[in-house]
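The values are calculated or read from the model by the stated rules, or taken from the named source; none is laboratory data. Since this is a predicted model, take the numbers as computed values, not measurements. Methodologically, a virtual Cβ is constructed for each residue, glycine included, from the backbone with ideal geometry; neighbour enumeration extends over all protein chains shown.
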Amino acid sequence: MKVPRIIPFWERAKKHIRAHKISQRDFAAYIGICYGTLKDWMCYGIIPDALTTNNIADALGVSMEYLIKGIDGKAAEDRANEASTRKAAAATIKRMAIEIEKDAALIG
């Protein structure tokens with residue numbers, strides 16, 4: 001069975017490893033794998049099993065979804081909440097405009 005090559009996974013992981021100012025060797029030890037295994041995965045773009053991917057994500061302080069897809073689930077949720085808030089605000093403004101028009105018609 002051929003394992004899919006997903007290089008961006010490791011590009012994202014390396015970025016965060018560097019940000020934590022830790023060597024790849026120390027990072028491998030921290031997540032409980034051999035340094036050679038980590039280097040092979042990075043070199044060949046192999047994504048590890050789900051448990052190890054979860055350990056990597058936890059160690060780096062990111063989500064698995066971010067590592068795998070490049071999507072930050074929290075950021076997507078925040079954008080959805082902002083869109084919902086904007087939609088609710090627009091509806092409120094529209095209702096207020098209608099009320100103002102009604103009041104203006106009564107006065108005028």
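A quick yes/no check of all residues on (1) of a type in the set (Asp, Glu); (2) modelled with pLDDT under 95; (3) assigned by TED's automatic domain parsing to the domain that holds residue 12:
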| site | (1), (2), (3) |
| --- | --- |
| 36 | no, no, yes |
| 39 | no, no, yes |
| 43 | no, yes, yes |
| 46 | no, yes, yes |
| 66 | no, yes, yes |
| 76 | no, yes, no |
| 79 | no, yes, no |
Review point. Are there any helices (runs of 4 or more DSSP H) wholly within the range 11-108 with 3 or more residues that are surrounded by 14 or more Cβ atoms within 10 Å (Cβ to Cβ), and if so which?
Key: 24-31, 35-44, 50-60, 64-69
Point to revise | Residue list for the range 23-66, filter: over 22 Å from the mean Cα position of the chain (by Cα) and β-branched (Val, Ile, Thr) | key: 33, 37
